[in-house]
Every structure is written in structure tokens, then in C-alpha cells.
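One structure is given below, encoded as C-alpha cells.
The values are calculated or read from the model by the stated rules, or taken from the named source; none is laboratory data. Nothing here was measured: the structure is a model prediction, and the numbers come from that model. Methodologically, a virtual Cβ is constructed for each residue, glycine included, from the backbone with ideal geometry; neighbour enumeration extends over all protein chains shown. Surface accessibility is based on the protein's heavy atoms, side chains included, excluding ligands, DNA and RNA. Shrake-Rupley method; radii C 1.70, N 1.55, O 1.52, S 1.80 Å.
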Amino acid sequence: MGITGSLTPDQLEFFHSQGYVVIESFASEDEIKGLRKRMDELLNQFDSSVSSIFSTKNQQHTTDNYFFESAEKISFFFEEKAFGDDGELKQPKELSINKVGHALHELDPLYKEFTYSSKFSSLVSSLGYRRPVVMQSMYIFKQPGIGGEVVPHQDNSFVYTDPHSCTGLWMALEDSTTVNGCLWAIPGSHKNGLVRRFIRGENGVTFDRPSPSYDQKDFVAIEMKAGSLIAFHGDLIHQSFENLSPKSRHAYSLHVVESDGCKWAQDNWIQRAKMPEPLYALP
């Protein structure tokens, strides 16, 4: 493996103390253009009459098969505010989609090539993974004017292994600012452990306990330039607000877990016929 993407000792220290670290210029302009162009093509091919709404406030949608089956497909989820009272889209589908997931990194050749590149494997290796697998990928749009809020959460709640091993990798495909809905996090909150889990059962999915309340003054804004990537610990509390601005905030997000010595929970929402191929495997 090359060294592109590897964290320096100072970056690793910051990650372990604060729970996240930003790597500037992780992706090139050409890579960003390629990923966005390919997503435009996928959107053009998408039949918008097949609709599912994504919301972190109302989890009812997650009881439908379209959501569950998206673990091994390229599926499209609309913003909550995309539809009018008549049930029709209020604007074109490309301005109405919340996200595309959750197997882009496996099923689309361009996204697979980018995800399995040496820069990602070097980054994950520097975090200490031995046999890492990407359990889900998402292209997130944060649409202008209707981009939905993502409430405070921890990624280990949704992508749970025993012991905990999730790391989120979130790459800005456009400048991400406080105006168009950047990420916010509570530095050091990963040290307090996991507060609740998102569990799949016979009647759909639910959290095993209510969300704690958080003081907004504890969050810091993480503004990023297009091409920058943030790696964040699976127990870090983070969120993003609605995008009420006229500018979108596209991003590509991955969730990595360790498959060497870590057991995948059978009550995670993601259940698959087989585990994805690892980014790499150390002897």
C-alpha cells in the first residue's frame, strides 16, 4: 500500500483525543467531478415512481422492504419535504433526493474503484484495522432549501460490532459550511461510550432507549472544502442541521468495521447474505 491518505502521528493523536480528524485535499478535482458525474447518470436512470423517504426524526420508513433491501443495492431515498400535499414531487427528482445507498461501493464500478483505492486502504490501515470491510456507502445530497436535519447520533448505534469497531469516513464533494448544513460534533464525546442502539426486529427497527438530550453549545462546526475528508470514531456524537440555503452540500460517506475478531450483530438493520470483500487483509 502507498502512503497517500495515511494519518500522521499528530493526526492520529487528534483523532484519539477529539474523536475525529479532517484530512484536506483527500480527493482530487477530477475524482470529485467523476463521482458527481456518475451520480448524475444514476439519477437519470432512476425511476422516481419508486419512492421511499429518508428521515432521522421519523424512522417509520425503515420498516419497508425497500429500505432493508438497500443494504445490497443502489437505492434512492427522497427528502421529507420533497413532496406536496398531492403526493407529487414539488421539484425535479435530482433536487428531491436525500441520499443514495447503501452498496454503491460494491455495485458501481467507479465508486468501487474509488472506495477500494490505496488512499482509503492506507487511511484505514493507519487507524489500526487488520481486515476492514465497508458495510455501507451513501451519496448524500443535502438539497438546497429542503435538505433535512440529521439529529445527534453515533454511528456505532447503526453499524454495531462486538467489540465496537465502526469508523465513519465522510468526504465533501462540495464546500460544506454552516450555511449549507455542515457536520457538527461534540469533541471528545466518543470517550463516553455508546448511548443506544438501533435494533432490527420482527416489526421493523427501533432504538433500544430514548436519545439523551444534548447542549448545542457543546457542538463545534466542522466546515470543509470540497475534496476534504473527515474520519470520525463510531461513538462520536455528531449531527447536521437543515439546509435552508440555495446551495447543496453533496458528500460521499462510508462506514468501515473490523472483521478480524469483531462479530457483526445479527440485530443490526443491515443484514447481508455475505460480508463484503475486505479493503485489504493483513497476515
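Laid out as a table, the results:
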read-out	value
Residue within the range 170-181 that is touching a helix residue (DSSP H, G or I) at 6+ places or on another chain (Cβ under 7 Å) and in a loop (DSSP other than H, G, I, E, B) present	yes
Residues satisfying the stated conditions in the range 102-140, i.e. crowded, with 21+ Cβ neighbours inside 10 Å, farther than 20 Å from ILE23 by Cα and touching a helix residue (DSSP H, G or I) at 6+ places or on another chain (Cβ under 8 Å)	HIS102, ALA103, LEU104, HIS105, ASP108, GLN136
SER248 vs. criteria outside any helix (DSSP H, G or I), closer than 29 Å to SER126 by Cβ and among the small types (Gly, Ala, Ser)	no
Neighbours by Cβ (under 6 Å, 6+ apart or cross-chain): first from the range 93-112, farther than 16 Å from GLU80 by Cβ and among the small types (Gly, Ala, Ser); second in a helix (DSSP H, G or I) and open to solvent by 10 Å² or more (accessible area, probe 1.4 Å)	ALA103/GLU72
Residue list for the range 162-189, restricted to those being within 22 Å of GLU258 (Cβ to Cβ) and either open to solvent by 30 Å² or more (accessible area, probe 1.4 Å) or over 17 Å from the mean Cα position of the chain (by Cα) (or both)	ASP162, PRO163, HIS164, SER189
Residue in the range 236-258 that is crowded, with 20+ Cβ neighbours inside 10 Å and acidic (Asp, Glu) present	yes
Test result for ALA226, touching a helix residue (DSSP H, G or I) at 6+ places or on another chain (Cβ under 9 Å), open to solvent by less than 10 Å² (accessible area, probe 1.4 Å) and not β-branched (Val, Ile, Thr)	no
